[in-house]
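The values are calculated or read from the model by the stated rules, or taken from the named source; none is laboratory data. As the structure is a computational prediction, the values presented were derived from the model and not from experiment. Here the Cβ positions follow ideal geometry from the backbone for every residue, glycine too, while neighbour counts run over all protein chains shown.
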Amino acid sequence: MFNSLSDRLTATFKNLRGKGRLTEADIDATVREIRRALLDADVAVPVVRAFTAAVKERALGLEVSQALNPGQQVVKIVNEELVGILGGETRRIRLAKNPPTVIMLAGLQGAGKTTLAGKLSKWLKGQGHSPLLVACDLQRPNAVRQLQVNGERAGVPVYAPHPGVSSEFESATGDPVAVARQGVAEARARLHDVVIVDTAGRLGVDAELMQQAADIRAAISPDEVLFVIDAMIGQDAVNTALAFNEGVDFTGVVLTKLDGDARGGAALSVASVTGKPVMFASTGEGLNDFELFHPDRMASRILD
Ligand code: GDP
């Protein structure tokens, strides 16, 4: 019937134009529609609750205007609130005053970190930077190799930990914290202006993983710590994000697998509970399937 929340709300208020102030009953009906739309978009339940309460408060104060019908006015409020939570403006990478800019990636296994490392390095290279990738995911047997393959595709060198694994550089240690430190030193020595450090993930949040990530963070003092999260994670987004926020105090979020069915609710959940901005969106397995995150576009995706 109605494809989007905007359509549904506009229809709900079809007969209310010029009525003066909206009644609480009108608003409650609307808030129910909004709640349903957000849950359909996989926004976490506590986030939906807080969000609808904020919208209700603003909607109660609305004067019905002649120019916009009440449905359109409420859609406007919802849109503004969504964009606000998602960080408002598109947030760009903060470059270090003294290069190299150090970017650390963290997240669960399978979130898309290693893929993202390749994409981000290619994107930065395209902007005239000279990135170095550092392979600190020593948990997953194939992760170092996978990063090297991505590096080759992106035309970006990879600092890898095992001397047996082909690499431009030499390193003799299997300790991820030491590898991270050496990788950053290598970047500095070889005048790379950006260094991207891929770290290990596990299937679930665990204390050992978090300690390792925290140790790497402490060792390399990154300018950005990007928390990589699969948009399909749904209701688990909140707990995962809170655990990583506490563990590594990330500075930004990258949402992956937005090419799938996910409507982007995870973006809202993570941004809402951590207050950290979503910075990039990953939209496929290819190295070019990657873009800056635009809060306004995501708001439309959640609402449509
Ligand atoms: P990591 O364990 O966090 O390093 O995750 P990987 O980078 O190995 O990615 C896990 C899987 O997800 C791989 O099969 C990737 O090709 C795939 N993947 C990563 N990002 C995306 C994305 O944006 N869209 C899709 N469809 N697949 C992705």
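Before moving on, here are some points about what is shown:
- Of the residues making up region 266-304, just one is surrounded by fewer than 22 Cβ atoms within 10 Å (Cβ to Cβ), within 15 Å of the ligand (Cβ to nearest atom) and among the hydroxyl-bearing types (Ser, Thr, Tyr), namely Thr283.
- Scan of region 53-76 for residues that are touching a helix residue (DSSP H, G or I) at 6+ places or on another chain (Cβ under 7 Å), within 17 Å of Ala29 (Cα to Cα) and surrounded by fewer than 20 Cβ atoms within 10 Å (Cβ to Cβ), ordered by number: Ala54, Lys56, Arg58, Leu60, Leu62, Val64, Gln72
- Of all residues making up region 40-82, the number that are hydrophobic (A, V, I, L, M, F, W, C) and without any contact (Cβ under 8 Å) to a residue 60 or more places away in the chain: 11
- The single condition among (1) at pLDDT 95 or above; (2) at positive phi; (3) within 14 Å of the ligand (Cβ to nearest atom) that Val197 does not meet is (2).
- Region 232-246: number of residues that are surrounded by 22 or more Cβ atoms within 10 Å (Cβ to Cβ) and within 21 Å of Arg263 (Cβ to Cβ): 3
- Condition met for Pro131 (modelled with pLDDT of 90 or more, on the phi < 0 side of the Ramachandran plot and more than 23 Å from the chain's Cα centre (by Cα)): no
- Total residues in region 146-157, condition surrounded by fewer than 17 Cβ atoms within 10 Å (Cβ to Cβ) and either modelled with pLDDT under 95 or within 13 Å of the ligand (Cβ to nearest atom) (or both): 2
- Leu86 vs. criteria more than 16 Å from the ligand (Cβ to nearest atom), surrounded by fewer than 17 Cβ atoms within 10 Å (Cβ to Cβ) and of a type in the set (A, V, I, L, M, F, W, C): no
- Counting residues in region 85-104 that are at pLDDT below 95, outside any loop (DSSP other than H, G, I, E, B) and among the aliphatic types (A, V, I, L, M) gives one or more.
- Close Cβ contacts (under 7 Å, 6 or more residues apart or on different chains) running from residues in region 289-300 that are within 14 Å of Ser121 (Cα to Cα) and touching a residue at least 24 places away in the same chain (Cβ under 8 Å) to residues that are surrounded by fewer than 16 Cβ atoms within 10 Å (Cβ to Cβ) and not hydrophobic (A, V, I, L, M, F, W, C) comprise Asp289/Asp259.
- When residues of region 205-231 are limited to those that are within 16 Å of the ligand (Cβ to nearest atom), crowded, with 19+ Cβ neighbours inside 10 Å and assigned to a helix (DSSP H, G or I), the one nearest to the chain's Cα centre (by Cα): Ala231
- Test result for Ala241, touching a residue at least 24 places away in the same chain (Cβ under 8 Å) and within 16 Å of the ligand (Cβ to nearest atom): yes
- Asp236 meets the conditions (1) touching a helix residue (DSSP H, G or I) at 6+ places or on another chain (Cβ under 8 Å); (2) more than 11 Å from the ligand (Cβ to nearest atom); (3) within 26 Å of Arg49 (Cβ to Cβ) in every case but one. The failed one is (1).
- Filtered by the rule that a residue be in contact (Cβ under 8 Å) with a residue 24 or more places away in the chain and surrounded by fewer than 22 Cβ atoms within 10 Å (Cβ to Cβ), region 96-137 gives Ala96, Pro99, Gln109, Gly110, Lys122, Trp123, Leu124, Lys125, His129, Ser130.
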